[in-house]
Every structure is written in structure tokens, then in C-alpha cells.
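A short worksheet on the structure shown next.
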Amino acid sequence: MSVADALTTIGPLERETLGERVYGHLRELLMAGRLAPGDKISLRATALALGTSMMPVREAVSRLVADHALEVTPNRAVRVPVMSVEGFRELTTVRIAIEGFAAETAAAAAGSEAIARIAAHESAFRALGGQPNADLSEAVRINKDLHFAIYEAAGLPTLVEIIGALWLKAGPVLNLDLGANPDRLARGGAIRFHANALAAITRRDGAAARAAIAADIRGAADFIIGRGGLAAARDRA
């Protein structure tokens, strides 16, 4: 999905609290993998797509640069950062530790409504995996929604906030897995790992929930690194 196509999924915004709303929508695009490493962000095109002036877009982009979710290149272009293999490995290690802890905590804390939300996202993701021409950008989004349904079930808002900051960096890179490879949706391990996580949380097995999320994160990372996806992203800069 191109940057322009991704932006059109949002639609025009109302005028109230525009800076916050533009920030929130761009943040969601990054976390949900709608933008890929190296994608350039035109402030003018963004303002046009969202039906705003340039000012709230500049404010939102400045905040995302401060979050290290976007960067300004020497020629003043704004783009999604391109992550090195070393940086991605470090991010993966941190994600496994923190998100694994969140899943383990969710297994003990999740109520029936939270488990139902997790199950709904798991079912939607699995259904996409059975479609021959599945919408890959939708798969990346549902993957994100499923993970955060699990993390929110832990009942620790600060923990979810920390994980959100990690996904600002991880989301675009995950585009190089599910978002760019049709076979990965049907044949990769994500469907199995998600099912394992749901089953573990349902039976209150914290260790198994942690293991399932860790395996999901590690499997995607190994695939991205193994196929040279990060090097390919660097070529797009």
C-alpha cells in the first residue's frame, strides 16, 4: 500500500483538536503497518488527504519525530525510519520480554469480555489466512489489533503505553512480513501462534501465553531478517 492509499483510509477530519487527531491517526498507521520503512511523508499530501491545514500536520509530524517514529532526512524530507538489522534484533529482544510479560499477565487478569475480543480478532485473522487473495494490509492491521487486545487484557495501561511506543518502531517493519508476502499469511506461523495464545489465555496458562507471543514475534523477526527485508528497505531511501 502506498502512502497516499494509506492516508485515504482515514478520511477527512473534523476541525476540533486537529493536531491531536492527526497525530493519533498517523500513529495508528505506523503501528498497524500501513506505512513501511523508507516511505516518505508529504506534509502537503497528508493535509489534503485529511482535509486539514498544514499546521496540525506539522505539529503531528514533529511529535512523531520526537517519538523516533518518523525522521527528517538531510534534504528535509520526512520518512519512516529504515531500521538496521542490529537495531531490529534489539527491538525484537525487548518486545519478546515486554510483550511476553503482558501476555502472561493477561492470562491471569483477562475477563470474559476481554477474552471474547481476543477471540474475535483471532478468528478474523484466521479467516483471512484462508482466503486466496486476502487483503494483506488488513491482515497486518488485524494482527496489531489482536496483539493489543491481549496486552490491554493485562489491565496495566502503563504497560500498554510502553508497548505502543515499541510498535511505533516495529509496525512499519512488520510490513516486510505479512504485508509484503502473501504466502506468509497462509503458511507462516502467525495463525498457529495466535491460536496458541488465545487457548493459553482462556485456560489461564501464563507461561504458555508468554511462549506463544514470544514465538510469534521471533518467527516474524527471523523471517524478515532472513529474507534481507531490512536491506531491501534501505534501498528505498
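The values are calculated or read from the model by the stated rules, or taken from the named source; none is laboratory data. This one's a predicted model, so the numbers in the text were calculated from it and none came from an experiment. So basically every Cβ, Gly included, is an ideal-geometry build from the backbone, and we count neighbours across all protein chains shown. Only protein heavy atoms, including side chains, enter the accessible area calculation; ligands, DNA and RNA are left aside. Shrake-Rupley method; radii C 1.70, N 1.55, O 1.52, S 1.80 Å.
Rolling a 1.4 Å probe over the protein chains gives ASP135 an accessible area of about 80 Å². Normalised radius of gyration (Cα atoms, divided by 2.2 N^0.38 Å) for the stretch 113-181: 1.17.
Here the alpha carbons of the stretch 152-218 define both size measures, Rg and Dmax, at 13.3, 36 Å. Angle check, please: helix 206-226 long axis (alpha carbons) against the longest principal axis of the chain (alpha carbons), in degrees 0 to 90, nearest 10. So the helix axis and the longest Cα principal axis differ by about 50 degrees.
When the chain is treated as a Gaussian network with alpha carbon springs shorter than 10 Å, the biggest mean-square fluctuation among ALA212, ALA221, ALA116 belongs to ALA116.
For the stretch 39-107, take the alpha-carbon Rg, divide it by the Kirkwood Rh, and send me Rg/Rh. That ratio is 1.15, to two decimals. Largest mean-square fluctuation among LEU159, LEU30, LEU185, in a Gaussian network model of the chain whose springs join Cα atoms under 10 Å apart, belongs to LEU159.
Summing +1 for each Lys or Arg and -1 for each Asp or Glu among the other residues whose beta-carbon sits under 14 angstrom from that of SER62 gives 0. Mind jotting down the distance between the C-alpha centroids of the stretch 121-153 and the stretch 175-197, whole Å? Answer, in whole Å: 9. Sorted largest first by accessible area at a 1.4 angstrom probe radius, with every protein chain in place, the residues VAL80, VAL94 fall in the order VAL94, VAL80.
Within the stretch 70-123, all pairs of alpha-carbon atoms sorted by distance into 5 Å bins from zero give the percentages 4, 15, 12, 14, 12, 12, 13, 9, 5, 2, 0. The ellipsoid equivalent to the alpha-carbon distribution of the stretch 88-153 has semi-axes of 23, 18, 7 angstrom, derived from the gyration tensor eigenvalues as √(5λ) and listed largest first.
To test your reading of the geometry: what angle, between 0 and 90 degrees and rounded to tens, separates the Cα axis of helix 54-66 from the longest principal axis of the chain? Tilt relative to the chain: about 50 degrees. Note that the stretch 52-170 carries a Kirkwood radius of 16.5 Å, evaluated over its alpha carbons pair by pair. Ordered from largest to smallest accessible area (heavy atoms of protein chains, 1.4 Å probe), the residues LEU48, LEU230 come out as LEU48, LEU230.
Semi-axes of the equivalent ellipsoid for the stretch 119-237, computed as √(5λ) from the eigenvalues of its C-alpha gyration tensor and ordered from largest down, come to 23, 18, 13 Å. Taking only the C-alpha atoms of the chain, Rg followed by Dmax gives 17.6, 54 Å.
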